[in-house]
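Engineer: Take a look at the following structure, please.
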Amino acid sequence: MRVKRIIHSKALLFILPLIFGINSMFAQSKWSKSAQVDLVFPGKSEYFYKNSENVFYDEDYEYDGFLLRSYGLQLDVNYFLFKKLSIGALGGFQTQLKPNYSFLKLGGVLKYYFVNKDEVYVYLLDANNFSLNSDKFNKGNNFRLGLGVPFSQKKSYNMVLHLFFEQNFFRLEGSKPLLGVADEIPRSLTVKSFGVSFGVNF
């Protein structure tokens, strides 16, 4: 009996700290959320098409000046794997002018914080584009590399400025031609841009 009591006591000495440790771990804030409004300035675009004889063409699709031609709204939820590294899921909406596209975004985001979650961070985003204009493009992909800079810290949230580079890839099979040249069969459009966004991190 004495041996069993000793064993039980040692087990309790091991289990109780473990329980309190796990409880403390989950009590800490491992989650964060953010929302941001994007202003995007397209730079270079490449339009890929072919003709009925399967001759392929790669044309630059020009923009007139460094103009604001794209707007977006994005929401994401993130889980901290480590103190400085989080992984998350995101959803959003983006619209683009010339050509006029509107699409939903759904994907993932990876963030690395240089000090902690209230300080400057870099992020990598990859998302699928789901067309709201099926006659103009089918689907696509959005890739973004950015820098987040908190500029106003409150008790429950931070205001953040983002600077980023992004690339949108649009699949155009079966869509309307962009150039209007004879025997033009669209294949894809790639738009490379720079942008700025204003957001809130919770």
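The values are calculated or read from the model by the stated rules, or taken from the named source; none is laboratory data. Being a predicted model, the structure only gives us computed values, none of them experimental. Note: ideal-geometry Cβ built from the backbone for every residue, glycine included; neighbour counts use all protein chains shown.
Engineer: Test F151 against the stated conditions and say whether it is at pLDDT below 95 and of a type in the set (F, W, Y).
Structural biologist: So F151 passes the test.
Engineer: D118 - would you say it is part of a loop (DSSP other than H, G, I, E, B), surrounded by fewer than 19 Cβ atoms within 10 Å (Cβ to Cβ) and of a type in the set (D, E, K, R)?
Structural biologist: Against the criterion (part of a loop (DSSP other than H, G, I, E, B), surrounded by fewer than 19 Cβ atoms within 10 Å (Cβ to Cβ) and of a type in the set (D, E, K, R)), D118 qualifies.
Engineer: Looking only at the range 150-202, count every residue that is farther than 22 Å from Y71 by Cβ, touching a residue at least 40 places away in the same chain (Cβ under 8 Å) and in a strand (DSSP E or B) and tell me the total.
Structural biologist: Residues meeting the conditions: 6.
Engineer: Find the residue count for the range 160-193, including only residues that are surrounded by 14 or more Cβ atoms within 10 Å (Cβ to Cβ) and over 18 Å from the mean Cα position of the chain (by Cα).
Structural biologist: 11
Engineer: If you take just the strands (runs of 3 or more DSSP E) that sit entirely in the range 15-99, which of them hold at least 1 residues that are out of contact with any Ser or Thr (no Cβ under 7 Å at 6 or more places or on another chain), among the aromatic types (F, W, Y) and modelled with pLDDT of 90 or more?
Structural biologist: By residue number, 31-50, 56-60, 85-96.
Engineer: Moving on to the next point. Quick one: which of K117, K139 is over 15 Å from F93 (Cα atoms) and more than 14 Å from the chain's Cα centre (by Cα)?
Structural biologist: When all the criteria are applied, what remains is K117.
Engineer: Test of understanding: among F143, F137, which residue is at pLDDT below 90, farther than 19 Å from K83 by Cα and surrounded by 13 or more Cβ atoms within 10 Å (Cβ to Cβ)?
Structural biologist: Just one listed residue meets the conditions, F137.
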